[in-house]
Amino acid sequence: MIRQTATADRELVDAAGADLGPIGSLAALVQYRELIRNLVFKDLKLKYRGSVFGFLWSLLNPMVMMVVYLVAFKYIMQIRGSGFVFLLLLGILPWTFFASSAGMGAGAIVDNGGLLKTVHFPRAVLPLSSVLFNLAQFLLTILVFLPVMLAIYRTASPALVLFPVVVVLQLAMTAGIALALAAGVAFFRDIRHLLDIALMVMFWTTPIVYDYTQIPALWRRVLFLSPMTPFVLAYQQICYYGRVPDREVCIAAIVYATVGFCGGFLIFTRFQHDFVEQI
């Protein structure tokens, strides 16, 4: 029975073009790009199905966040630092994109076992569509949040042209981590529980709720062990400080993006043939 299941899974993988190694798997994803797009739009429609305002809720959410954080930190906690709320949100929004993608991507394979056993498509479509769904949410929020904050604090500069580059680098790293987690959870369910702890540790070791410039030099190096640190700093330096990110920030972001995506994709393609046996 197990042998029959494994054979059937290989046939499904072959039919999707995912048994051709990493290059072939990438080509299969390009071939199935319409499926990825449809899955992302399906999730977006399901999220707002039945609501009166639909996608407008994604635009309202950042406005409410700005007001709440402004009142909480400036008037209740009496934190008078200029632009603290701006810096805070420049960390929280990309972090939310990353954490939500990691959580949804981790369960992308085990939560869709029935689909994997009956439909021919590249397995990587599932975690990648989860990441792109959260990317859409992130971009919708940024479209409202960023222009308002730039107008209030008047920090717009030519360095803003680098903002999409940072988004693409973060997307690459996030996609790689989601792929690795999806493969890992298929074999070890405990990874899903460990992820919650790991995300909590990463949140507090990423300069989101505190100013990186106020951290002692020794601890700044330690913070770069969090893969989100260079991306949060890049967003802050581009949008709040109005300058090109520091060289070490750029190098770290490129390294995390490259290693994260390539490593995650290789791990996923290495073990994808055994997913059906595990779920």
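Among the residues of the stretch 134-149, those that are out of contact with any Leu (no Cβ under 8 Å at 6 or more places or on another chain) and among the aliphatic types (A, V, I, L, M) comprise Leu139, Leu146, Val148. Residues that are of a type in the set (A, V, I, L, M), part of a helix (DSSP H, G or I) and within 17 Å of Leu88 (Cα to Cα) are absent from the stretch 163-171 altogether.
Exactly one residue out of Val71, Val168, Val85 is within 23 Å of Met202 (Cα to Cα) and exposed (fewer than 14 other Cβ atoms within 10 Å of the Cβ), and it is Val168.
This table checks each residue for (1) assigned to a helix (DSSP H, G or I); (2) touching a residue at least 40 places away in the same chain (Cβ under 8 Å); (3) out of contact with any strand residue (DSSP E or B) (no Cβ under 8 Å at 6 or more places or on another chain).
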site	(1), (2), (3)
Leu93	yes, yes, yes
Gly114	yes, no, yes
Arg123	no, yes, yes
Ala136	yes, yes, yes
Ala175	yes, yes, yes
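Do the conditions hold for Leu181, that is, is it within 25 Å of Val85 (Cβ to Cβ) and under 16 Å from the mean Cα position of the chain (by Cα)? For Leu181, the condition - within 25 Å of Val85 (Cβ to Cβ) and under 16 Å from the mean Cα position of the chain (by Cα) - is not met. What is the one condition in (1) within 20 Å of His273 (Cβ to Cβ); (2) at pLDDT 85 or above; (3) not polar (S, T, N, Q) that Leu26 does not satisfy? That leaves (2) as the condition not met. Check the stretch 210-224 and report whether any residue there is on the phi < 0 side of the Ramachandran plot, among the hydroxyl-bearing types (Ser, Thr, Tyr), surrounded by 22 or more Cβ atoms within 10 Å (Cβ to Cβ) and in a helix (DSSP H, G or I). No, the stretch 210-224 contains no residue that is on the phi < 0 side of the Ramachandran plot, among the hydroxyl-bearing types (Ser, Thr, Tyr), surrounded by 22 or more Cβ atoms within 10 Å (Cβ to Cβ) and in a helix (DSSP H, G or I).
When the stretch 225-240 is filtered for residues that are in a loop (DSSP other than H, G, I, E, B) and touching a Leu at 6+ places or on another chain (Cβ under 7 Å), only Tyr240 remains.
The values are calculated or read from the model by the stated rules, or taken from the named source; none is laboratory data. In this text, all values refer to a predicted model and were calculated from it rather than measured experimentally. Because the Cβ atoms are built from the backbone with ideal geometry, glycine has one as well, and the counts that use them run over all protein chains shown.
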